[in-house]
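The values are calculated or read from the model by the stated rules, or taken from the named source; none is laboratory data. For clarity, every value in this text was computed on a predicted model and none was experimentally measured. Neighbour counts are summed over all protein chains in view; Cβ atoms, including those assigned to glycine, are modelled from backbone coordinates with ideal geometry. Remember, those area values only see protein heavy atoms, side chains included, never the ligands or the DNA or RNA. Shrake-Rupley method; radii C 1.70, N 1.55, O 1.52, S 1.80 Å.
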Amino acid sequence: MSEDIKEIILSNLKEYTKNYDSPSTNRGYIEIEPKDLLNVVDILYNSLSARFITATGFDNSKELEIYYHFSFDSSNYVLTLKAALPYENLAIPSLSKLFDAALWIEREIHEFFGIDFIGHPDLTHLLLPEDWEEGNYPYRREERND
């Protein structure tokens with residue numbers, strides 16, 4: 001069953017897929033350009049009935065990455081979209097208008113990494129104190145002295 005869903009996903013996203021990896025039968029990873037995020041999510045959600053789970057941020061010391069996790073519940077398959085953002089352009093469209101679940105996770109990623117989610121209605125502090133120093137992003141490796 002998961003081989004079928006992999007083929008369906010790849011055939012629907014072929015024009016947006018930079019790289020695809022499937023380390024197990026029920027997991028897949030697709031690298032996409034940040035500019036393609038809304039188109040890819042539209043296909044996953046509206047055409048393929050994928051459910052948005054959450055998003056995570058990661059600093060790989062070269063760029064910041066956002067991982068968007070989607071579930072194909074009927075196939076027991078999880079797909080992760082990876083969008084890499086160069087430090088000099090930390091902006092990506094917000095998914096908050098599509099998924100209420102994106103409201104808080106985008107605020108958290110913004111707060112800890114400094115990524116601007118274009119179109120998000122409220123990127124104010126969620127976890128850090130209100131008087132936290134502007135421009136100090138605790139999860140960015142370039143900000144650390146370690």
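Details
- Residue in the stretch 98-108 that is at pLDDT 95 or above, closer than 21 Å to residue 13 by Cβ and out of contact with any Asp or Glu (no Cβ under 9 Å at 6 or more places or on another chain) present: yes
- Some residue of the stretch 63-74 being over 20 Å from residue 31 (Cβ atoms) and either in contact (Cβ under 8 Å) with a residue 24 or more places away in the chain or out of contact with any helix residue (DSSP H, G or I) (no Cβ under 8 Å at 6 or more places or on another chain) (or both): yes
- Number of the exception - residue 39 against (1) under 20 Å from residue 108 (Cα atoms); (2) in contact with a Phe, Trp or Tyr (Cβ under 7 Å, 6 or more places away or on another chain): (1)
- Of all positions in the stretch 134-142, none carries a residue that is under 25 Å from residue 28 (Cβ atoms) and of a type in the set (Asp, Glu).
- Residue 25 vs. criteria open to solvent by 50 Å² or more (accessible area, probe 1.4 Å), at pLDDT 95 or above and of a type in the set (Val, Ile, Thr): no
- Residue tally, condition open to solvent by 40 Å² or more (accessible area, probe 1.4 Å) and either touching a strand residue (DSSP E or B) at 6+ places or on another chain (Cβ under 9 Å) or at pLDDT below 95 (or both), over the stretch 40-59: 7
- Boolean, residue 89 is more than 30 Å from residue 8 (Cα to Cα) and without any contact (Cβ under 8 Å) to a residue 12 or more places away in the chain: yes
- Looking at 66, 43, just one residue is closer than 26 Å to residue 23 by Cα and not in a strand (DSSP E or B), and that residue is 43.
- Here residue 131 meets the list (1) open to solvent by 70 Å² or more (accessible area, probe 1.4 Å); (2) not in a loop (DSSP other than H, G, I, E, B) almost entirely, failing just condition (2).
- Cβ pairs under 6 Å, 6+ apart, first in the stretch 2-26 and of a type in the set (Gly, Ala, Ser), second in a helix (DSSP H, G or I): 2/75
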